[in-house]
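Please treat every number below as a calculation from the coordinates, not as lab data. Bear in mind that the values here come from a model prediction, so they are computed numbers and not experimental data. Quick reminder, even Gly has a Cβ in these numbers, built from the backbone with ideal geometry, and neighbours come from all protein chains shown.
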Amino acid sequence: MKNALNIVYLIPLLPLVGFLINGLLRKHLSKSMISVVGCGTILVSFALSIVMFLQVKNGDGGTIEYFNFISVGELTIPFAFQIDQLSSLFLLIITGVGFLIHVYSTSYMQEEKPEHFGRYFSYLNLFVFSMLLLVMGANYVIMFIGWEGVGLCSYLLIGYWFKNNEYNKAANKAFVMNRIGDLAFLIAIFWIIAKTGGVNYGEVFAFAPKLSGTDATIITLLLFVGAAGKSAQIPLYTWLPDAMAGPTPVSALIHAATMVTAGIYMIARSNVLYSLSEVSMNVVAIVGLATALLAATIALKQNDIKKVLAYSTVSQLGYMFLALGVGAYSAGVFHVMTHAFFKALLFLAAGSVIHAMSGEQDIRNMGGLSKKIRITFITFLIGCIAIAGIPPFSGFFSKDAILLNALLVDSHDGSFSIKGIILYGVALFTALLTAFYMFRLLFITFSGTFRGTEEQKHHIHESPAPMTIPLIILAVLSIIGGLIGIPDAIVKGGDKFTEFLSPVIAQRAGHPVSHSTEYMLMGLSTVLVGITIIVAWRQYRNYKRKEATGFAKVLEDKWYVDEFYEKIIVKPLHNFGGFLKNVFEKLVVDGLVNGVGRMVNYGGRQFRLLQSGQVGSYVLLMVLSMVIIFLVQFFLRK
Amino acid sequence: MTITITQILFWILSVAALFSALMVITSKNPVHSVLWLIATFFSISGHYILLSAQFLAVVNIIVYAGAIMVLFLFVIMLMNLNRETEPQKNRWIKMAGAIAGGCLLLVLVASLKNVESASTIEDVKGGDVGFIKRLGKELFSTYVVPFEISSILFLSAMVGAVVIGKKE
Amino acid sequence: MPITHYIILSLALFSIGIVGVLTRRNAIIIFMCIELMLNAVNLLLVAFSKMHNYAAIKAAADQKLPITEAILNTGSEGQIFVFFIMVVAAAEVTVGLAIIVMMYRNIHSVDVNFLNRLKH
């Protein structure tokens with residue numbers, strides 16, 4: 001198995017090939033061919049990823065250098081892949097979930113024209129390629145290439161239905177907001193190069209202890225801004241809900257399972273740097289928690305099935321950042337994994353619902369669907385339970401690990417710090433909100449009576465097998481996915497996940513909390529979540545449409561954050577742009593450009609007189625030119 | 001410093017050449033111009049003799065002053081050009097031309113005045129490079145091919161002149 | 001005589017030729033001025049030829065070397081060149097005068113200002 005690293009380049013290469021085939025030949029291939037190419041490449045990549053994973057598990061990871069990507073002065077940036085615990089895990093998630101979503105898409109996008117169908121799959125393959133590059137790169141520059149690639153694909157896929165201008169606007173918004181984060185990331189890379197003289201993870205982390213505190217803080221904060229852009233954290237989160245304009249499988253793949261977790265990956269990857277800066281850790285934790293809470297409150301009152309899931313994603317990402325911020329990197333990555341399962345499941349199930357409802361996304365027009373689309377309902381229910389955190393579903397373990405680690409922050413002797421208690425309290429409250437809005441969504445959608453039109457009612461049907469099979473697989477994963485990270489309190493040595501990641505991620509020393517306390521905390525959260533679900537059931541099992549008022553209205557309108565941004569940032573920028581366009585452009589730029597043109601015109605008209613046709617004047621000019629040439633030569637030689 | 005006969009002749013010939021050259025461009029009557037040009041060529045031939053280039057001096061007189069200038073004279077008389085028919089440029093253009101030429105002279109002199117200022121030309125024993133015997137040998141041995149080619153040039157010039165000159 | 005004298009004389013003749021070209025409108029006079037310029041150049045060539053010849057012979061004599069045929073021939077290229085210039089000038093005059101005659105026949109003038117169709 002040692003030689004498996006030699007073919008690691010195939011993992012990203014195959015999706016790239018798929019992208020090229022589907023992209024270039026989309027007008028000539030049939031839909032089934034496109035599906036085969038699109039899914040097949042990812043499937044092979046997935047198989048190779050499993051091989052890699054097993055190899056890494058045996059301790060045979062490593063870095064493979066291909067060629068010198070950039071070589072400037074002292075700085076050499078190799079094009080290299082790094083296969084270790086962290087990247088192999090992400091490889092599995094990306095290719096595995098990615099494959100399921102590809103399969104799902106073959107059915108979901110069936111109504112598209114063949115060339116658009118091919119376009120869709122080529123984008124999807126390109127996305128997978130970029131994402132693989134992002135996680136496999138052995139330095140920040142390769143990561144950045146992938147980072148930009150996924151941003152591009154995200155843009156392309158959000159604006160997939162480019163004939164709808166609203167969707168284009170959403171795509172632009174996502175792109176611009178990501179760009180803000182990317183800029184910070186780029187500056188961070190420059191800073192790293194300036195301070196450490198390299199970008200390879202190995203070199204940078206080896207150099208890290210010699211970094212000054214300020215440098216470490218600045219670098220990590222800049223990296224975090226980049227991560228916040230990509231992973232939709234305050235203040236750059238508003239693009240993610242709008243990104244739901246894309247096809248639902250895209251939301252599942254890019255805006256829930258993989259791309260948005262790139263920020264988590266980046267920070268987990270840089271955990272050595274983050275551990276150097278207390279300030280950055282606190283910022284990450286607080287921003288993460290604030291985002292989790294804010295997004296959860298907004299999700300309470302959303303009526304678009306995908307919007308609820310989008311805010312839920314933002315909230316869960318906040319959770320992951322909280323985990324990173326309190327130093328529980330492996331808990332954060334664990335949550336990335338379980339979240340990839342259940343959120344992809346929820347999105348795909350939502351897609352199935354939308355499919356059944358002939359494109360309807362407003363849950364106020366649904367209701368009572370549980371009997372008609374049985375598989376979708378059950379899988380959706382499993383997803384809800386998983387995200388709410390009921391044991392033994394996957395969400396429970398990862399969320400519990402985050403809560404516990406939040407509580408234990410700054411604690412060295414088993415007693416809890418005030419900071420820890422506050423973080424824990426807010427995080428737990430957010431978890432309850434999560435359970436509430438997810439079950440609200442579930443009940444409004446699936447129970448009660450149908451509230452849509454007769455036509456829709458007549459049309460409701462279960463989705464075909466290519467859609468339900470991924471749902472079932474993801475549901476199974478959502479149930480059992482958490483079992484690889486069972487805390488020590490329940491099964492001794494059950495936390496295989498943390499153990500697996502330990503070579504790349506620094507662990508906090510010791511386990512200062514007693515098992516009984518841990519049981520108590522688990523019980524507490526489980527009971528509270530259970531109560532919340534019952535409350536949600538009582539309130540929403542027979543949902544009647546009514547207008548939101550008061551505070552609910554504020555929540556429904558997303559705390560008016562978009563409007564706030566509009567007023568504070570977009571409007572002034574717009575006005576500034578208008579000023580530039582109307583005043584600066586017209587007077588200065590146009591003046592310059594037209595001036596040059598007018599000058600040439602005038603000069604031409606004047607110089608034209610020189611061409612009189614008179615031989616005499618030509619000779620005169622010739623003589624004068626000779627004089628000038630002699631003069632120049634005469635003076636230059638002096 | 002003694003003034004040799006050569007120097008005296010040099011200065012006389014120089015003044016004559018320059019004066020007659022100026023007269024060429026200032027005479028109103030084209031026929032006079034031609035005659036002054038012949039005078040110039042004679043002075044230049046005199047210079048050639050001073051430089052002991054007898055062959056060229058003779059050729060200059062025969063070909064230039066003789067053949068070519070007679071051709072000019074012939075054409076001018078054929079066209080019946082005289083003082084009255086002579087077109088004149090306006091004064092400003094003349095002045096501009098004169099100034100431009102003067103500038104050129106100034107610049108050329110300025111840039112060339114230091115060239116090998118030490119070199120002088122004197123008659124030395126055996127300095128017979130311009131004699132017909134020596135040049136003839138050179139011309140018909142080393143330069144025989146260009147010499148023959150120049151005959152073709154003449155032929156083509158003749159043909160050209162006939163073609164251009166004939167009526168339609 | 002210092003070579004500088006010849007240089008200045010030649011330049012003066014040349015410049016007079018140029019002034020003639022610039023100030024006159026009669027095509028024949030302009031043509032004559034060109035001949036004058038050619039002659040100025042010829043004069044300079046002969047002067048240089050003589051200068052080199054003299055320098056070579058003098059150097060040989062100073063070093064008590066035998067004066068060979070090659071040394072005596074130094075500088076003859078310049079005079080050969082002048083010879084060829086005269087040949088070409090003669091040919092040029094033939095064709096040039098033919099053109100002027102042709103022009104006179106067509107526009108009944110030798111004024112170059114009538115020849116302003118170069119700009120078309």
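Three principal axis extents of segment A:229-329 based on alpha-carbon atoms, in descending order, are 42, 24, 18 Å. Restriction of the trypsin sites (Lys or Arg not before Pro) in segment C:1-72 to DSSP coil positions whose beta-carbon has at most 16 other beta-carbons within 10 angstrom yields C:Lys64. Rounded to whole Å, give me the distance from the Cα center of segment A:35-53 to that of segment C:75-118. Centre-to-centre (Cα) distance: 86 Å. Grouping the Cα pair distances of segment A:314-395 into 10 Å bins from zero gives a pair-distance distribution of 18, 41, 26, 13, 2 percent in increasing distance order. Pairwise inverse Cα distances across segment A:550-597, averaged and inverted, put the Kirkwood hydrodynamic radius at 13.2 Å. The magnitude of the dipole of the protein assembly as shown, with charges of +1 and -1 set on the Cβ of Lys/Arg and Asp/Glu and taken from the Cα centre, is near 2080 debye. The angle between the Cα long axis of helix A:374-388 and the main principal axis of chain A comes to about 90°, on a 0 to 90 degree scale. Over the protein assembly as shown, DSSP H runs of length four or greater, each weighted -39,500 (n - 2.57), average out per residue to a 222 nm ellipticity of -23000 deg cm²/dmol.
Based on the reciprocal of the average 1/r between different C-alpha atoms, the Kirkwood radius for chain A equals 26.5 Å. Each Lys and Arg Cβ is given +1 and each Asp and Glu Cβ -1; about its Cα centre, segment C:3-111 then shows a dipole of about 180 debye. For segment A:564-637, the pair-distance distribution built from all alpha carbon pairs, in bins 5 Å wide starting at 0, is 4, 12, 9, 10, 9, 9, 9, 7, 6, 6, 6, 5, 4, 3, 1, 0 percent. Shape summary of segment A:509-638, radius of gyration then Dmax from alpha carbon positions: 40.4, 111 Å.
By other beta-carbon atoms within 10 Å, ranking A:Leu132, C:Leu97 with the fewest at the front produces C:Leu97, A:Leu132.
Axis of helix A:114-136 versus longest Cα principal axis of chain A: the two differ by about 80°, to the nearest ten degrees.
Candidate membrane-span-like segments in chain B, meaning DSSP H helices with Cα atoms spread over at least 27 Å of their own axis and a Kyte-Doolittle mean of 0.0 or above, are B:5-26, B:30-50, B:91-112, B:144-165, with no membrane implied. With neighbour counts taken as other beta-carbon atoms within 10 Å, the residues A:Phe584, A:Phe127 rank, fewest first, as A:Phe584, A:Phe127.
Relative to the longest principal axis of the Cα atoms of chain C, the long axis of helix C:3-23 makes an angle of roughly 0 degrees. Let me have the relative contact order for segment C:3-111, percent, based on Cα pairs under 8 Å that are six or more residues apart. Reported as a whole number, the value is 28 percent. For every other residue with a beta carbon closer than 13 angstrom to the beta carbon of A:Leu24, add +1 if it is Lys or Arg and -1 if Asp or Glu, then tell me the sum. With Lys, Arg at +1 and Asp, Glu at -1, the net is +2. For segment C:69-120, the gyration tensor built on C-alpha atoms gives a prolate shape. Its axis ratio a/c (a ≥ b ≥ c) is at least 1.5, and a/b is the larger of a/b and b/c. Scaling the Cα radius of gyration of segment A:329-449 by the globular reference 2.2 N^0.38 Å produces a ratio of 1.26. Each Cα pair under 8 Å and six or more residues apart adds its separation to the average, and for chain A the resulting relative contact order is 12 percent. The fewest-to-most ranking of A:Thr313, C:Thr23 by surrounding Cβ atoms within 10 Å reads C:Thr23, A:Thr313. In the frame of its principal axes, segment B:1-135 has Cα extents of 54, 36, 26 Å, reported largest first. For segment A:157-214 and segment A:587-638, write down the distance between their C-alpha centroids in whole Å. Measuring centre to centre over Cα atoms gives 52 Å. Across segment A:317-467, Cα pairs under 8 Å and at least six residues apart give a relative contact order of 34 percent.
The Cα atoms of segment C:6-68 cover 58, 19, 7 Å along the three principal axes, with the biggest extent listed first. Is the shape of chain C best called rounded, prolate or oblate, per the rule: a/c under 1.5 gives rounded, else a/b larger than b/c gives prolate, else oblate, with a ≥ b ≥ c the square roots of the Cα gyration tensor eigenvalues? Prolate shape, in that a/c is at least 1.5 and a/b is the bigger ratio.
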